[in-house]
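*Asks:* Sharing a structure here in structure tokens format.
The values are calculated or read from the model by the stated rules, or taken from the named source; none is laboratory data. Owing to the predicted nature of the structure, the values given are computational and were not obtained by experimental measurement. Glycine also receives a Cβ, built like all others from the backbone with ideal geometry; neighbour counts cover every protein chain displayed. The protein model used for the area step is the full one, side chains on, heavy atoms only, and it has no ligands, DNA or RNA in it. Shrake-Rupley method; radii C 1.70, N 1.55, O 1.52, S 1.80 Å.
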Amino acid sequence: MRRPGPWRRGLLLAALALLLGLLLAFHGEVPDHGGLGSLVETFLPWCGLPVPVLCAAALWRRSASAVTALLFPVAAWLSLFGGLLVPKSGEGADLTVVSHNVGAQNTDPAGTARALSTSGADLLALEELEPRVAATYEKALAARFPHHVVVGTVGLWSRLPLSDTRAVDVLRGDVGPLALTRAPEDVPVEPARALRATVATDRGPLAVYVAHLGSVRLMPRGGFWTDSRDAGAAKLTKAVAAERGDRVLVLGDMNGTLDDRVFDGLEEQLRSAHEEAGDGLGFSWPASFPMARIDQILVRGVEVRGAWTLPETGSDHLPVAAGIAW
């Protein structure tokens, strides 16, 4: 019997390639039942990993159909992330901004503070700032930043004057598996996880938000639990929409990537500094082996001249930075 021709060999590989392409191209259509959609979108760049494996198998099988089908996921991946592979950083920034989740389990907050003080930042946003170590950061950063404000577990340090500082509600204490077992009055009151401040620049006021949205959990029976994060994203989106000023900056740990559909409303109002002027995929978590960019710098009304990540500091997140100009 004659062997099948190159177009009839590897049909299973071709089918897998087409399915992978469909996942990348239409990830927004993946049902979010049990948080599946959010989970896929959080690690969406990694969906390109099967491509070289399928390509090697297709070449080994000498399957023309599989090799041709692989063009679909390659094109879909490049349309989503190819722009991040092209260096776009420039010069001429008026302000350097840095955001860092310093980590509640950080065993060397003083070392983290020293590293951040030499980062060149003009504005420094800190998240997961435990009250017991807040004084450590205040002392170490005082020389570089004469102005600062701490609200709950987030803080903003600035070389420029700050005003109109206030807490921003991004919490929902009545969601999640544990909350279902308690009466509303029994839900504990958590410290604020977001703030808003006005920075006085030589070009006028700049509204700055520092936010740490709710955590997400991968639960054996409940799937990928994102209720608290999603509620916070909706509240942050509403707060930014109410801003009357032209210049807005949002910094923080969003516990999700901007590929996640829950941030669509925020992206309609703001631009990602990294997507606009970053080099590479810019993963920021976990610091030991970064797999996702869940720490964000979002802007409106300013130009982005560059975006990058900074070295490890002792936290489980990498600091993220951007240079902005008017």
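*Asks:* So which trypsin sites (Lys or Arg not before Pro) in segment 23-103 are both in a DSSP loop and have at most 14 other Cβ atoms within 10 Å of their Cβ?
*Replies:* Details: sites: R61, R62, K88; in loops: R62, K88.
In loop regions of segment 23-103 (DSSP not H, G, I, E or B), the sparsely surrounded trypsin sites (Lys or Arg not before Pro) are R62.
*Asks:* Further, regarding this structure: How tilted is helix 11-25 with respect to the longest principal axis of the chain? Cα atoms for both, answer in degrees (0 to 90, nearest 10).
*Replies:* 20
*Asks:* Once neighbouring chains are kept in place and the probe is 1.4 Å, which whole percent of the accessible area of the chain is contributed by carbon and sulfur? Write out the running numbers ahead of the final one.
*Replies:* Values: 9330 of 15780 Å².
Roughly 59 percent of what the probe reaches on the chain is carbon or sulfur.
*Asks:* Based on Cβ point charges of +1 for Lys and Arg and -1 for Asp and Glu, what charge dipole magnitude is obtained for the chain about its Cα centre, in debye rounded to the nearest 20?
*Replies:* Details: 30 positive and 35 negative charges, 253 e Å.
Result for the chain is approximately 1220 debye, rounded to the nearest 20.
*Asks:* Same structure, new question: Please determine, in degrees from 0 to 90 and to the nearest 10, the orientation of helix 71-81 with respect to the longest principal axis defined by the Cα atoms of the chain, where the helix direction is its Cα long axis.
*Replies:* 10
*Asks:* Using DSSP, restrict attention to beta bridges with both residues in the chain and report what percent are antiparallel, rounded to the nearest 5.
*Replies:* Values: 44 of 56 bridges.
Rounded to the nearest five, the antiparallel share is 80 percent.
*Asks:* Once you put a point 7 Å from the Cα of S163 and another 7 Å from the Cα of A104, both along the Cβ direction, what distance in nm separates them?
*Replies:* That separation, rounded to one decimal, is 3.6 nm.
*Asks:* Would you work out which of F72, P311, V210 lies farthest towards the positive end of the dipole of the chain, given +1 charges on the beta-carbon of Lys and Arg and -1 on that of Asp and Glu, about the Cα centre?
*Replies:* It is F72.
*Asks:* Which one of L85, L20, H274 has its Cα pushed farthest toward the positive end of the charge dipole of the chain, where Lys and Arg give +1 and Asp and Glu give -1 at the Cβ?
*Replies:* Farthest along the dipole direction, towards plus: L20.
*Asks:* Quick one: putting +1 on the C-beta of Lys and Arg, -1 on the C-beta of Asp and Glu, what dipole do you get for segment 1-116 around its Cα centre, in Debye to the nearest 20? All intermediate terms of the calculation are to be shown ahead of the outcome.
*Replies:* Details: 8 positive and 6 negative charges, 225 e Å.
For this selection, approximately 1080 debye.
*Asks:* Next question, about the same structure. Using the Cβ atoms and a cut-off under 12 Å, what net charge is assigned to the surroundings of A121, where Lys and Arg are +1 and Asp and Glu are -1?
*Replies:* The answer is +1.
*Asks:* What whole-number distance in Å separates the alpha-carbon centres of segment 244-282 and segment 31-76?
*Replies:* Between the Cα centre of segment 244-282 and that of segment 31-76, the gap is 26 Å.
*Asks:* Another one. Find how much the distance from E190 to D202 grows on full extension, using 0.36 nm per residue of separation minus their present alpha carbon separation; answer in nm with one decimal. Intermediate values should be presented prior to the final figure.
*Replies:* Values: separation 12, 0.36 × 12 = 4.32 nm, distance 3.64 nm.
Residue separation times 0.36 nm, minus the Cα-Cα distance, leaves 0.7 nm.
*Asks:* Another question, then. The chain: longest stretch without exposed GluC sites (Glu not before Pro) (DSSP loop, at most 10 other Cβ within 10 Å), sites themselves excluded?
*Replies:* Answer from the scan: 92-267.
*Asks:* On a 0 to 90° scale, report how tilted helix 131-141 is relative to the longest principal axis of the chain, with both axes built from alpha carbons and the result rounded to the nearest 10.
*Replies:* The two axes meet at around 80 degrees.
*Asks:* What accessible area per residue, rounded to a whole number of Å², is obtained for the chain using a probe radius of 1.4 Å? Before the final figure, lay out each step's value.
*Replies:* On the way: 15780 Å² over 326 residues.
So the chain comes to 48 Å² accessible per residue, rounded to a whole number.
*Asks:* Here is a follow-up. Considering the zone a paramagnetic label at M219 would reach in this model (a point 7 Å from Cα along the Cα-to-Cβ line), which residues of segment 17-39 have amide N under 18 Å from it?
*Replies:* Once the point is set 7 Å along Cα→Cβ of M219, 32-39 turn out to lie under 18 Å by backbone N, inside segment 17-39.
*Asks:* Given 0.36 nm per residue, what is the gain on full extension from A135 to E29 after removing their alpha carbon distance, in nm? Could you put the intermediate results ahead of the total?
*Replies:* Working: separation 106, 0.36 × 106 = 38.16 nm, distance 4.65 nm.
Taking 0.36 nm per residue and subtracting the Cα distance, the gain is 33.5 nm.
*Asks:* I want the local charge near P290. Using Cβ-Cβ distances under 11 Å, sum +1 for each Lys or Arg and -1 for each Asp or Glu among the other residues. Numbers along the way, then the final one.
*Replies:* Numbers: positive: R293; negative: D295, E312, D316.
So the surrounding residues net to -2.
*Asks:* Right, something else. Between R114 and L85, how many nm apart are label points set 7 Å from Cα along the C-beta direction?
*Replies:* Modelled inter-label distance: 4.0 nm.
*Asks:* Same structure again: When DSSP beta bridges are limited to those with both residues in segment 192-326, what percentage is antiparallel, rounded to the nearest 5? Mind showing how you got there, number by number?
*Replies:* On the way: 26 of 33 bridges.
Of all bridge pairs located within segment 192-326, approximately 80 percent are antiparallel.
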